[in-house]
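Before any comments, here is the structure.
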Amino acid sequence: MMTEEAQAVLRDLDDHKFAKVKEAVRDMHYADVAELFESIEDQETAVLLFRLLPKDTAAEVFSYMESENQEQLLTVLTDKELRHILDELYLDDYVDLIEEMPANVVKRVLKNSSPENRKLINQYLQYPEDSAGSLMTNEYVYLKQTLTVNQALAVIRANGVDKETINKCYVLDDQHHLDGVVSLRDLILADPHARVGDIMRTNVISVNTNDDQEEVAKMFSKYDMLSMPVVDRENRLVGIITIDDVVDVVQDEATEDFEKMAGIVPSEDTYLKTPVFTIFKSRIMWLMVLMVSAMVSGALITHFEGAISALPILVSFIPMLMGTGGNSGSQTSTTVIRSMALDEIELSDFFRVWWKEVRVALLCGFALAVVNYIRIVLQYHDCAVALTVSLTLIVTVLVAKSLGCILPMLAKKLKLDPALMASPMLTTITDACSILVFFIFVMAILGGRL
């Protein structure tokens with residue numbers, strides 16, 4: 001939601017009070033200024049606002065913009081304005097821009113890029129998508145072991161202005177191998193004449209260029225890091241990943257998992273910017289699959305039509321049994337999928353997980369069965385029907401919770417995304433199982449009355 005300050009800026013812009021606009025945006029955070037462009041529909045107005053920004057902040061604001069707003073500006077800015085933005089962008093933001101823009105815009109961006117940047121961009125684009133190499137930036141400070149603390153601080157002052165972070169400085173040898181890491185705090189507190197090699201840490205946590213971005217995010221969480229070095233196979237430092245990029249990864253991966261768990265093909269665009277037909281395509285396939293699979297439940301009900309005709313009251317219990325089974329399975333699958341994502345459980349823990357869920361299922365099933373037994377006896381005065389429904393509940397919850405842990409772990413074993421086995425698919429399977437179990441008990445306990 002837009003702040004009052006942002007709304008005032010837009011009003012001043014409409015009233016052509018440009019001096020007030022320039023003064024206001026100077027004190028705003030880059031992200032808040034970038035958000036202003038989301039509310040501007042007129043391209044000329046957006047360009048006008050961008051040109052009112054101080055030159056030293058324009059590139060920062062640009063890096064926070066949505067790709068649609070970036071593209072809008074890139075098509076109208078002069079080559080001189082474009083070169084100024086590109087020269088000020090950090091390399092990881094530069095690469096993201098190239099990856100998200102259409103071909104005609106990319107061509108113009110590369111045309112106005114320096115030869116050094118074009119070379120680096122081509123190198124970075126060769127890394128696999130969603131890998132550490134595709135996330136990293138080369139905007140870091142490195143030191144030599146032989147430098148004194150005073151000399152190291154001088155290097156940081158001279159080179160740190162344009163770097164993405166100086167909190168951690170990496171110590172390299174002449175071949176660019178990663179020897180250690182030293183924090184700015186350690187340098188400030190150390191003896192000015194001490195050598196960097198004497199105060200650096202040599203047990204450096206690092207990732208390889210081809211490591212998956214999800215694994216990188218887990219390492220950031222595990223070691224509470226703000227930046228992490230990226231090395232190649234020869235342990236040469238090729239870049240670093242900073243926490244702001246990891247936050248984006250976590251958000252994107254979580255969104256993707258939620259969409260898969262809801263039976264939706266993941267989308268890269270935000271909801272309001274995604275066309276209706278694109279949303280339709282992302283949802284219809286899973287809806288078709290689930291609709292066809294749900295026909296199994298209908299076929300089972302049809303198969304036992306004679307029992308239903310003899311005891312119509314049985315129909316009233318089917319929605320409750322199916323809903324309980326689906327909810328029980330979803331509880332387990334959500335917990336198991338989340339635990340696997342956090343590396344709390346591994347495939348080797350299968351039997352431990354299953355046995356725990358069996359015990360939980362028996363407790364939950366028994367509690368639900370007791371409540372339903374009492375309710376049915378009081379409402380219908382039929383102990384046999386109450387026993388049938390209660391036993392079905394126990395078995396249904398047991399089956400649902402077992403499937404809730406088995407299916408996600410089986411998916412991971414088969415190199416599939418465990419989220420695919422979450423709510424929609426699991427619910428469809430447990431629905432069929434609950435109906436089948438119900439009528440097995442009906443035939444066994446109430447068979448004489450049918």
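Computed about the Cα centre, the dipole magnitude for the chain is approximately 1780 debye when only Lys and Arg (+1) and Asp and Glu (-1) carry charge, each at its Cβ.
Considering only VAL216, ALA361, THR45, the residue lying farthest towards the positive end of the dipole of the chain is ALA361, judged by Cα position with unit charges set on Cβ. How much of the accessible area of the chain, in percent, comes from carbon and sulfur atoms when a 1.4 Å probe is used? Answer for the chain is 57 percent, counting heavy atoms of protein chains only. The candidate values are (i) 131; (ii) 146; (iii) 215; the one derived from this structure for volume of the Cα convex hull per residue in Å³ carries the label (iii). May I ask for log10 I(q)/I(0) of segment 275-397 at q = 0.12 Å⁻¹, from a Debye sum over the Cα atoms as equal point scatterers with solvent left out? Log10 I(q)/I(0), no solvent term: -0.67. Applying the Karplus relation 6.51 cos²θ - 1.76 cosθ + 1.60 with θ = phi - 60° to segment 358-371 yields 3J(HN,Hα) values of 4, 5, 5, 4, 5, 5, 5, x, 5, 4, 5, 5, 4, 4 Hz, where x marks Gly and Pro.
Derived scalar couplings between HN and Hα for segment 22-32 equal 4, 5, 5, 5, 5, 9, 8, 6, 3, 5, 5 Hz in order, rounded to whole Hz, by the Karplus curve 6.51 cos²θ - 1.76 cosθ + 1.60 (θ = phi - 60°), x for Gly and Pro.
Take the alpha-carbon positions of segment 3-49, form their convex hull, and give its projected area averaged over all directions (one quarter of the hull surface) in nm².
So the Cα hull casts an average projection of 2.9 nm².
For segment 325-363 and segment 135-191, write down the distance between their C-alpha centroids in whole Å. After rounding, the separation between the Cα centres reads 45 Å. Here's the picture: charge each Lys and Arg Cβ at +1 and each Asp and Glu Cβ at -1 in the chain, and of ILE85, SER339, HIS177 the one pushed furthest to the positive end of that dipole is SER339.
Given the pairs LYS168/LYS412; LYS22/LYS107; LYS17/LYS55; LYS356/LYS413, which are separated by over 25 angstrom at their Cα positions? Don't skip to the end; give the middle numbers.
On the way: LYS168/LYS412 36 Å; LYS22/LYS107 32 Å; LYS17/LYS55 19 Å; LYS356/LYS413 20 Å.
Cα-Cα > 25 Å for LYS168/LYS412; LYS22/LYS107; rest within.
Taking ASP174, ASP191, ASP232 in turn, the Gaussian network model of the chain (Cα-Cα springs below 10 Å) assigns the largest fluctuation to ASP174.
I want the local charge near LEU237. Using Cβ-Cβ distances under 11 Å, sum +1 for each Lys or Arg and -1 for each Asp or Glu among the other residues.
Numbers: positive: ARG236; negative: ASP173, ASP179, ASP232, GLU234.
Value of the local net charge: -3.
The angle between the Cα long axis of helix 383-413 and the longest principal axis of the Cα atoms of the chain comes to about 30 degrees, rounded to the nearest 10.
How would you rank 155-166, 323-334, highest first, on the average number of other Cβ atoms within 10 Å across their residues?
On the way: 155-166: 14.4, 323-334: 22.4.
Peptide ranking by packing, descending: 323-334, 155-166.
Axis of helix 55-64 versus longest Cα principal axis of the chain: the two differ by about 20°, to the nearest ten degrees.
For the chain, what is the accessible area per residue in Å² when the probe is 1.4 Å?
Working: 24490 Å² over 450 residues.
Averaged over the residues of the chain, the accessible area is 54 Å².
The angle separating the long axis of helix 43-52 from the principal Cα axis of greatest extent in the chain is about 50 degrees. Each of LEU187, THR146, ILE156 was scored by the projection of its Cα onto the charge dipole of segment 106-190, and the greatest displacement toward the positive side belongs to ILE156; charges sit on the C-beta of Lys, Arg, Asp and Glu. CYS364 exposes around 50 Å² of accessible area when a 1.4 Å probe is run over every protein chain in place.
The values are calculated or read from the model by the stated rules, or taken from the named source; none is laboratory data. This one's a predicted model, so the numbers in the text were calculated from it and none came from an experiment. Cβ coordinates were reconstructed from backbone atoms using ideal geometry, including for glycine residues, and neighbour counts include every protein chain displayed. To get the accessible areas, we keep the full protein, side chains included, count just its heavy atoms, and leave off ligands, DNA and RNA. Shrake-Rupley method; radii C 1.70, N 1.55, O 1.52, S 1.80 Å.
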